[in-house]
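> Pasting in a structure now, in structure tokens, and then I'll have a few things to ask.
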Amino acid sequence: MSSSESKPWAGRFTQATDAFVEAFTASVGFDQRLARHDIQGSIAHATMLARIGVLSQKDLNTIVEGLETILAEIERGDFFWSVELEDVHMNIEARLTDRIGEAGKKLHTGRSRNDQVATDIRLYLRDEIDGLCQQLATLRAALIDLAEREADTILPGFTHLQVAQPVSFGHHMLAWYEMLARDQDRLRDCRKRLNVMPLGAAALAGTTFPLDRHYTAELLGFDRPAANSLDAVSDRDFAIEFAACASLVMMHLSRFSEELILWTSAQFAFVDLPDAFCTGSSIMPQKKNPDVPELVRGKAGRVFGHLVGLLTLMKSQPLAYNKDNQEDKEPLFDTLDTLKACLRAYTDMVPHLVPNREAMRLAALKGYATATDLADYLVRKGIPFRDAHEVVGKAVRLGIDSGRDLSQLALDELKALSPRIEADVFGILTLEGSLQARDHFGGTAPNQVRQAVARARAQLAEETQP
């Protein structure tokens, strides 16, 4: 049994906490990563207490100096974390009191660990979102570069994983860019909602001290203090919303991964991944396995699970704070760590993708990818689309039976299917002709891809302006 005298609530209890219960209820093993933000919040809280006359200027100076010294200890790895003190907050407060004496005991005036931890998590997550947005911007820039370089490269576009129509490889890369742009926008939007300060709500009902919560919010860079003390300490919507945003990013990265895994297989051979992002087989010397995309695809499920876990954690909790909420941190932290690692892997890998242009072109030739172009050609010649569709279907059958692409069929053969077909048809039956024809906003013509690249660069530059 451990001594109850070290606990902040020891006065109420006559028995010491059971050693197993002490370890079972402690969170310091994982919440110590909040230390810097806990100290940041404490300095702001103390500064506000001095402003309203609850702390003297001398006490404030002593507290701030003590907290800054403790932060330096933590960053050097010299700080001893005690399970008996339960969490990051009490470890830091106990160390502060050891260092500066009575002034350290005054720091907790007008606050509770309930509003303290809610504030710490928001400060922490706010900084992490800023970092994630920077990572996403870097990855988006890499996709823009790749799209520009491969604007003229022909890739078979798929529906149902069957060859559908030719597209520009650069256009495909910009589709990934658009997904990540939405992801980054969602994270910025999530940041707006989490940037509300719980501090000053105390345990659940506020405090009798005349706190200047707007001043504390200003010191910490929050947009405003939380308007309702009950909601302030019990709200974890921001964590769930972040997990939802992270899940969407991971879903997109998983889709990228699936395509890269297919494209690097011998059956496709569209892209070569750098060796640094692959591994071999312990038994098959010829293997080059796309382990990084496979792991990213697998880790997506892990993040999805954390989202469901957080929703389940909160779904039955009455207001206000409950010990259940201690379980919010590990899934949140693992979501962050997983997402950051996956984004780094893609940011490092994408600039080194090597497209196999010839393999992609040959694949596009195998699937009668210009069939829709022929149908559009007939429509422009005055044939209703449904009739044109039937004519083209017969042309495709002729090609299949004779082992030829549509562009290889003779003019007489095509005219036998429809007398409206003229020699100019061959200009749209080639892959290059099909690509060039889609020269409209959002289309896959190389000219449109280059315009889209320019817009994307301008968008990214505007977003990253200070």
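The values are calculated or read from the model by the stated rules, or taken from the named source; none is laboratory data. Values in this document were obtained by computation on a predicted structure and should not be read as measured data. For neighbour counting, all protein chains shown are included, and Cβ atoms are generated from backbone atoms with ideal geometry for every residue, glycine included. Keep in mind that these areas ignore ligands, DNA and RNA; they rest on the heavy atoms of the full protein, side chains included. Shrake-Rupley method; radii C 1.70, N 1.55, O 1.52, S 1.80 Å.
> Explain nothing, just compute: Karplus ³J(HN,Hα) = 6.51 cos²θ - 1.76 cosθ + 1.60, θ = phi - 60°, for every residue of region 292-302 in order, whole Hz, x for Gly and Pro.
5, x, 5, 5, 4, 4, x, 5, 4, x, 4
> If we count every other residue with Cβ under 13 angstrom of Glu259's Cβ, Lys/Arg +1 and Asp/Glu -1, where does the sum land?
0
> Please give every one of the lysines within straight-line cross-link reach of Lys192, meaning a C-alpha to C-alpha distance under 29 Å, and leave out same-chain neighbours fewer than 8 residues apart.
Within reach: Lys299, Lys315, Lys323, Lys329, Lys340.
> Over all alpha-carbon pairs in region 92-159, figure out the percentage whose distance exceeds 20 Å.
Percentage above 20 Å: 64.
> When N counts the residues of region 63-190, how does its alpha-carbon radius of gyration compare numerically with 2.2 N^0.38 Å, as a ratio?
Normalised Rg, Cα atoms only: 1.80.
> Per the Debye formula with a single identical scatterer at each Cα and no solvent contribution, what log10 I(q)/I(0) holds for region 349-466 at q = 0.09, 0.15 Å⁻¹?
The computed values of log10 I(q)/I(0) come out as -0.35, -0.76.
> Restricting to Cα atoms and excluding each atom paired with itself, what does the Kirkwood estimate give for region 159-296 in Å?
After inverting the mean inverse Cα-Cα distance, the result is 19.3 Å.
> Related question: Can you pull the percent of the chain's accessible area that's carbon plus sulfur, 1.4 Å probe, other chains left in place?
Its accessible area is 53 percent carbon and sulfur atoms.
> Taking only the alpha-carbon positions of region 154-201 and ignoring solvent, what does the Debye formula give for the base-10 log of I(q)/I(0) at q = 0.16, 0.28, 0.30 Å⁻¹?
-0.62, -0.97, -1.02
> Right, here's the next one. So which aspartates and glutamates can Lys415 reach, going by Cα to Cα under 19 Å and dropping same-chain residues fewer than 8 places off?
Correct list for Lys415: Asp373, Asp376, Asp387, Glu390, Asp401, Asp405, Asp424.
> Dividing the alpha-carbon radius of gyration of region 165-243 by 2.2 N^0.38 Å (N being the number of residues), what value is obtained?
Output field value: 1.70.
> Quick one: Karplus J couplings for region 407-416, per residue in order, coefficients 6.51, -1.76, 1.60, θ = phi - 60°, nearest Hz, x for Gly and Pro?
For region 407-416, the Karplus-derived couplings read 5, 9, 6, 6, 4, 4, 5, 5, 5, 5 Hz, x marking Gly and Pro.
> Right, something else. Within 10 Å, count the other beta carbons around each residue, average over each peptide in 381-389, 457-465, and list them highest first.
381-389, 457-465
> Pull up the DSSP beta bridges for the chain and report the antiparallel fraction as a percent, rounded to 5.
Beta bridges within the chain, antiparallel portion: roughly 80 percent.
> Pick out, from Phe20, Gln134, Pro285, the residue whose Cα sits farthest towards the positive end of the charge dipole of the chain, with +1 on the Cβ of Lys and Arg and -1 on the Cβ of Asp and Glu.
Gln134
> Given the -39500 (n - 2.57) contribution per DSSP H run of 4+ residues, what per-residue ellipticity at 222 nm results for the chain, rounded to the nearest 500 deg cm²/dmol?
Computed mean residue ellipticity for the chain: -20000 deg cm²/dmol.
> Compute, for the chain, the length of the dipole vector about the Cα centre, with Cβ point charges of +1 (Lys, Arg) and -1 (Asp, Glu) only. Units Debye, rounded to 20.
Computed about the Cα centre, the dipole is about 760 debye.
> Over the Cα atoms, compute the radius of gyration (one decimal) and Dmax (the largest Cα-Cα distance, rounded to a whole number) for region 345-415, in Å.
17.2, 54
> Identify, among Gly399, Pro274, Phe256, the residue whose Cα sits farthest towards the positive end of the charge dipole of the chain, taking +1 on the Cβ of Lys and Arg and -1 on the Cβ of Asp and Glu, with the dipole about the Cα centre.
It is Gly399.
> Another question, then. From the phi of every residue in region 26-34, what ³J(HN,Hα) in whole Hz does the Karplus formula 6.51 cos²θ - 1.76 cosθ + 1.60 yield, where θ is phi - 60° and glycine or proline is x?
Listing the rounded values in order: 6, 10, 5, x, 10, 7, 5, 5, 8 Hz.
> Once every Cα of the chain carries one equal point scatterer and solvent is ignored, give the base-10 log of I(q)/I(0) from the Debye formula at q = 0.10 Å⁻¹, two decimals.
Relative scattering, expressed as log10 I(q)/I(0), comes to -0.84.
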